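Derivation of every value follows stated rules applied to the coordinates shown; laboratory data play no part. The shown structure was predicted, so the numbers you read here are calculated from the model rather than taken from an experiment. Note: ideal-geometry Cβ built from the backbone for every residue, glycine included; neighbour counts use all protein chains shown.
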Amino acid sequence: MVITRTREELYKILEEFSKKPGKLALIPTMGNLHDGHLSLIKLAKLKASKTITTIFVNPLQFGKNEDFKKYPRTEKLDIEKLKKEHCDILFIPRNGEEVFSKTEKVTSLDSGSLGSELCGKIRPGHFNGVLTVVNRLFELINPDVAVFGAKDYQQQILIKKMAKSLHPQISLIKAPIIRSKNGVALSSRNNYLSEKELELAANLFKCLQNSVTSYQKREKLNEILDNANSFLVSKDLMPDYFELRDSELNIISKNNYIGKKIFLGSVTINNTRLIDNIEF
Ligand code: PAF
């Protein structure tokens with residue numbers, strides 16, 4: 001695996017790799033890689049013959065009171081894991097300037113009204129920061145394919161919309177959620193939780209599963225959502241939201257059985273926010 005920490009080196013490496021046949025797949029990450037990230041790389045390898053992973057903890061997507069400073073940074077371990085997966089290139093910028101140079105105008109993107117709903121309501125500006133950095137990485141790397149995890153479903157929909165208008169040549173791939181044995185969706189933020197809290201966290205997935213079953217049994221949507229919220233609170237998981245949407249994240253206010261749906265939830269447990277969803 002070739003590791004690059006500067007944009008200049010990155011361009012040189014990309015130039016070399018462009019001479020090799022096949023597609024280039026990008027897997028953007030913020031590091032602290034777990035099996036969820038590694039599954040993105042495995043999927044990328046099925047879709048393209050060359051892979052590039054980026055590790056960049058993007059300050060633009062963290063609010064003032066969020067965990068930018070304490071976000072887990074585990075560079076050495078990450079590099080080992082990427083080598084094992086036979087990732088070809090790692091871009092791990094030595095500082096923010098390598099991504100957003102002070103001498104260039106940064107194109108700040110606006111995530112629109114969907115960017116202020118669901119997670120965006122709790123994290124104002126978060127999705128603007130995500131779109132801005134992903135657009136920047138697309139500009140710097142210009143991959144053929146880019147892979148994003150379905151756990152961050154809202155992020156993936158917003159990136160899909162952004163790419164459709166600004167980078168239509170890039171194919172986006174949605175990778176399935178990877179879960180621990182008890183059902184908790186893998187996330188770097190799970191590291192903040194104790195064993196006991198992780199056990200409690202499994203109830204978010206249970207709640208999503210129960211809600212899907214109830215919906216399929218044609219129970220009333222408002223009752224399903226009320227039951228879900230009470231269930232989460234009873235398990236010490238403070239719901240930030242728990243909703244049913246269609247697969248493009250349009251609001252659904254009444255039961256309908258046409259097209260794909262998704263139950264999405266976000267809960268806070270001891271100051272840590274966890275998100276999860278089931279598409280059905
Ligand atoms: O999902 C993430 O890890 C981040 O939001 C991303 C896509 C790497 C942008 O910083």
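At a temperature of 37 °C and a viscosity of 0.692 mPa s, determine how fast segment 91-221 diffuses translationally according to Stokes-Einstein, using the Kirkwood radius over alpha-carbon pairs as Rh; express D in µm²/s, rounded to the nearest whole number. After rounding, the answer is 190 µm²/s.
Each Lys and Arg Cβ is given +1 and each Asp and Glu Cβ -1; about its Cα centre, the chain then shows a dipole of about 440 debye. Remark: segment 128-190 is approximated by an ellipsoid whose semi-axes, taken from the C-alpha gyration tensor as √(5λ), come to 25, 12, 10 Å, largest first.
If only the Cβ of Lys and Arg carry +1 and only the Cβ of Asp and Glu carry -1, the dipole of segment 4-88 around its Cα centre is close to 140 debye. Annotation: for a label point projected 7 angstrom from Cα along Cα→Cβ of R5, residues of segment 65-81 with backbone N closer than 13 Å are 75-76.
Counting pairs of Cα atoms in the chain, how many percent are more than 33 Å apart? Every Cα pair in the chain considered, those over 33 Å come to 23 percent. Taking a label point 7 Å from the Cα of E219 along the Cα→Cβ vector, which residues of segment 245-270 have an amide N closer than 19 Å to it? Label zone hits: 245, 252-257, 261-266.
Annotation for E16 and D226: the two label points, set 7 Å from Cα along the Cα-Cβ direction, are 6.4 nm apart.
Given a 10 angstrom Cα cut-off, can you work out which residue in S187, S39, S253 is the most mobile in a GNM of the chain? Of the options given, S253 has the highest mean-square fluctuation. Relative to the compact-globule estimate of 2.2 N^0.38 Å, the Cα radius of gyration of segment 1-69 comes out at 1.30. Measuring how big segment 1-141 is from its alpha-carbon positions, Rg and Dmax come out at 15.6, 46 Å. Averaging 1/r over every pair of different alpha carbons in segment 233-276 and inverting the result gives a Kirkwood radius of 11.6 Å. What's the local net charge at S101, with K and R +1, D and E -1, over the other residues with C-beta under 15 Å away? Taking every other residue near S101 into account, the sum is 0. Relative to one another, the C-alpha centroids of segment 96-121 and segment 162-203 are positioned 21 Å apart.
The GNM of the chain, with springs linking C-alpha atoms under 10 angstrom apart, assigns the highest mean-square fluctuation among K235, K181, K12 to K181.
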